[in-house]
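The values are calculated or read from the model by the stated rules, or taken from the named source; none is laboratory data. Model, not experiment: these values are computed from the prediction. Because the Cβ atoms are built from the backbone with ideal geometry, glycine has one as well, and the counts that use them run over all protein chains shown. The area values use the complete protein model at the heavy-atom level, side chains included, leaving out ligands, DNA and RNA. Shrake-Rupley method; radii C 1.70, N 1.55, O 1.52, S 1.80 Å.
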Amino acid sequence: IFIDELDEQVQQLNDDLLALERTPDDAERLRAVFRVMHTLKGASRAAGLPLVEELCHALENELSRVRDGSARLGPAQIALLFEAADALAETRDTLRTDKTVPEATLSSVLHHARGRGSAAPLVRPHVRTPVAPVPVVAPVVASPPPAVPAPEVVAVVPERVEDARLGHVRVSLQQVDAIAGAAGEIAGIAASLGERAEALAALRARRRASRVRGVSDDGLDQELTQLLRRADEDARTLTGVSGRLGVSARHLRQRPFGELTETLPRVARDVAKDSGKQVRVVVVGSEIEADRVVLEALREPLLHLVRNAVDHGIEPAADRTAAGKNAEGELRIEGSLRGDRLQVTIADDGRGIDLDAVRRGLERRGRPVPSDPDLLARTIFDEGFSTREAATTLSGRGVGMGIVRAAAERMGGTVEVSSVRKQGTTITIDVPISIATMRVVLVEVGGVTLGVPSAFVVRVERADPRKFARVDGRPMLVMHERPIPVTTLATLLGPPFEEPPSAAMLQFVILESGAQRIAVVVDDLVDERELVLRPLEHAGIAATNATVGTALLGTGVVVLVLSVPALLANTDGHRGSMSASLANAGEAPRAPARILVVDDSITSRTLEQSVLSAAGYDVITAVDGAEAWRTIERQEVALVVSDVEMPHLDGFGLCERIRANARTALLPVILVTSLDEPAQRARGLEAGADAYITKSSFDQDTLLDTVRMLIGRSPTNA
């Protein structure tokens with residue numbers, strides 16, 4: 001609870017400090033900062049974090065003097081408060097990960113605050129609240145290692161704080177009511193469908209009886225007609241209800257655009273301060289909403305774009321003044337909705353893109369230099385590209401802009417750039433509002449059904465290939481006096497897809513991504529529909545980048561939804577590269593491997609279960625060896641992870657029983673225990689354990705690596 005509160009208060013503190021830095025006499029903002037410190041002082045006391053409480057107390061005293069008029073809020077005080085905001089943000093992050101506070105950082109800021117002579121220490125002893133130890137996995141060894149001191153115990157958490165936040169959403173009562181109402185309607189329709197099934201069964205029995213007796217039943221057709229009409233009404237009603245339910249579910253996933261941009265003004269301020277510049281950030285469209293997964297995926301790209309705009313785009317104040325501009329640069333971040341697409345623009349009024357520097361950067365790296373200025377500007381998104389000859393703390397390694405394009409294309413989106421020399425640069429990211437569902441055009445090639453996001457489809461056509469124009473020997477479809485290159489989807493995908501036989505009329509989809517437009521011939525145009533997307537897992541980075549996900553049709557067919565930007569990139573001399581990465585990606589999903597976790601400690605059992613479940617395994621549990629053996633007798637498991645010391649039947653005994661049974665003799669067993677003595681290890685190996693992991697240095701990666709080593713490289717291929 002304290003971490004969540006700290007998160008909100010730190011963001012509020014940053015917003016107020018950015019405003020105070022511009023207008024130090026804003027009394028309301030000053031009171032808001034004072035309230036943050038006062039609130040956090042009490043909250044940290046309740047959470048048993050005395051060092052955080054001391055810091056908030058010191059800054060509360062400093063702000064009290066400013067508020068009372070005995071001191072003024074100058075640049076030094078503002079800098080101290082920003083330093084404190086960073087220390088509190090670091091505290092939030094370390095509490096989330098290793099359940100400790102950054103004592104050195106907090107003490108340093110506290111020392112600076114007290115150095116101003118305004119902060120008397122709190123008359124409270126420093127009582128550090130102990131953190132309960134959490135078992136964590138050690139390297140698997142076949143022989144006893146040398147005795148070493150046990151490392152400090154830490155908790156296992158998700159790799160990214162953002163991922164942890166994705167597990168919870170705030171839901172309005174109206175949304176809950178809408179979903180509950182739809183669920184009630186579906187239950188009623190299900191009951192009706194059950195009645196229809198019973199009526200059909202009765203009619204079938206009557207027809208069979210009539211045939212046996214050799215008599216006709218004139219009323220049968222009439223009853224069948226009525227029954228079909230009612231079933232059709234039920235189907236239409238169900239379609240409407242399911243549509244409303246889908247809309248309600250999508251609303252549950254949506255968050256305001258402002259949550260994505262809330263930290264960016266502070267980022268821009270810090271970069272500007274480090275580079276001796278002045279910048280003002282304007283955010284537009286904070287109230288619009290998009291899927292929270294989409295917003296989270298855009299968080300890092302926007303961070304790179306903001307840093308890049310201030311570092312590369314905005315000029316120093318003296319240069320801007322000399323050029324007739326305001327000394328303070330402007331960075332505008334705007335979110336807007338275009339149908340079912342989210343469009344994010346980041347525009348600065350800086351120096352613009354130096355195309356000569358871009359050209360030199362490409363030549364220096366031996367890369368082709370486009371003659372078209374727009375295409376030349378787009379090369380800033382190429383992986384590894386940078387105009388800086390030497391790397392700095394802010395830029396020069398050519399990573400950030402490539403991340404922006406990759407993130408957009410992973411979601412079936414695009415990124416575009418426009419720039420005017422000495423006037424500024426605008427970068428536009430266009431992505432779906434939601435990647436949970438997507439409107440898709442289904443096409444067929446080589447007997448395989450594939451999906452193309454409708455947002456990239458300009459139109460679908462049928463045309464006589466004899467009427468194609470030819471430019472430099474390439475077939476072209478002329479539309480509105482504009483020639484469009486023609487190719488086949490089989491050509492873009494490469495083997496094993498083959499060119500379709502020649503036909504009098506060809507079917508194709510015209511695709512557009514950014515400035516690129518192409519007509520792609522397909523074997524058949526199947527349908528356009530809204531599909532629920534699932535991520536393509538365990539297929540490798542190449543396949544993941546070539547698709548935006550998979551979808552399951554009502555027929556049970558798994559459809560790969562292609563990434564149009566990746567598909568169009570395949571037209572530049574890389575034909576066939578997609579096919580290899582997608583060779584096995586369209587197979588039907590298999591059931592995940594089932595793992596049995598056995599431990600009498602609920603903490604250890606829950607910890608191991610969460611780690612394995614998060615990795616995609618199907619995890620079941622048992623509280624001791626006896627219950628585990630009963631479970632193994634009843635159902636198939638791929639692997640057992642067991643504690644050693646347990647009541648009724650310990651881990652050694654369980655392992656021996658598994659090995660003694662012909663059906664389970666080859667079942668992999670991992671013993672996870674706090675007993676780290678050589679004799680215990682030897683006994684575990686003698687009992688038939690495949691691996692022996694100690695709790696004293698539990699590491700989730702070691703556990704997962706051991707599991708994969710024993711049952712395969714992924715949860716679904718065991």
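The residue of the range 410-459 that is most open to solvent (accessible area, probe 1.4 Å), among those that are under 24 Å from Asp382 (Cα atoms) and out of contact with any helix residue (DSSP H, G or I) (no Cβ under 9 Å at 6 or more places or on another chain), is Lys422.
Residues that are at pLDDT 70 or above and among the β-branched types (Val, Ile, Thr) are absent from the range 203-220. Can Leu228 be described as surrounded by fewer than 15 Cβ atoms within 10 Å (Cβ to Cβ) and over 24 Å from Ser418 (Cβ atoms)? For Leu228, the condition - surrounded by fewer than 15 Cβ atoms within 10 Å (Cβ to Cβ) and over 24 Å from Ser418 (Cβ atoms) - is met. Within the range 319-347, being open to solvent by less than 30 Å² (accessible area, probe 1.4 Å), hydrophobic (A, V, I, L, M, F, W, C) and out of contact with any Asp or Glu (no Cβ under 6 Å at 6 or more places or on another chain) holds for Ile333, Leu342, Val344, Ile346, Ala347. Restricted to the range 648-657, and to residues there that are in contact with a Phe, Trp or Tyr (Cβ under 8 Å, 6 or more places away or on another chain) and in a helix (DSSP H, G or I), the residue that is most open to solvent (accessible area, probe 1.4 Å) is Arg657. All of (1) more than 20 Å from Ser107 (Cα to Cα); (2) buried (at least 19 other Cβ atoms within 10 Å of the Cβ); (3) among the charged types (D, E, K, R) hold for Glu21 with one exception: (2). In the range 359-371, the residues that are of a type in the set (Gly, Ala, Ser) form Cβ pairs under 6 Å with partners that are surrounded by 13 or more Cβ atoms within 10 Å (Cβ to Cβ), at six or more places apart or across chains, as follows: Gly361/Thr387. Listed by position, the helices (runs of 4 or more DSSP H) enclosed by the range 565-647 that each have at least 3 residues that are modelled with pLDDT under 90 are 577-581, 602-614. The set of residues in the range 73-82 being touching a residue at least 12 places away in the same chain (Cβ under 8 Å) and either loosely packed, with under 15 Cβ neighbours inside 10 Å or among the aliphatic types (A, V, I, L, M) (or both) consists of Leu73, Gly74, Ile78, Leu80, Leu81. Gly350 passes every criterion in (1) in a loop (DSSP other than H, G, I, E, B); (2) out of contact with any Lys or Arg (no Cβ under 6 Å at 6 or more places or on another chain); (3) open to solvent by 20 Å² or more (accessible area, probe 1.4 Å) apart from (3). The criterion of at least 3 residues that are β-branched (Val, Ile, Thr) and in contact with an Asp or Glu (Cβ under 9 Å, 6 or more places away or on another chain) is met by the following helices (runs of 4 or more DSSP H) wholly inside the range 1-76: 27-46. Remark: Thr105 falls outside the filter, which requires a residue to be among the polar types (S, T, N, Q), surrounded by 14 or more Cβ atoms within 10 Å (Cβ to Cβ), closer than 25 Å to Arg605 by Cα and at pLDDT 90 or above.
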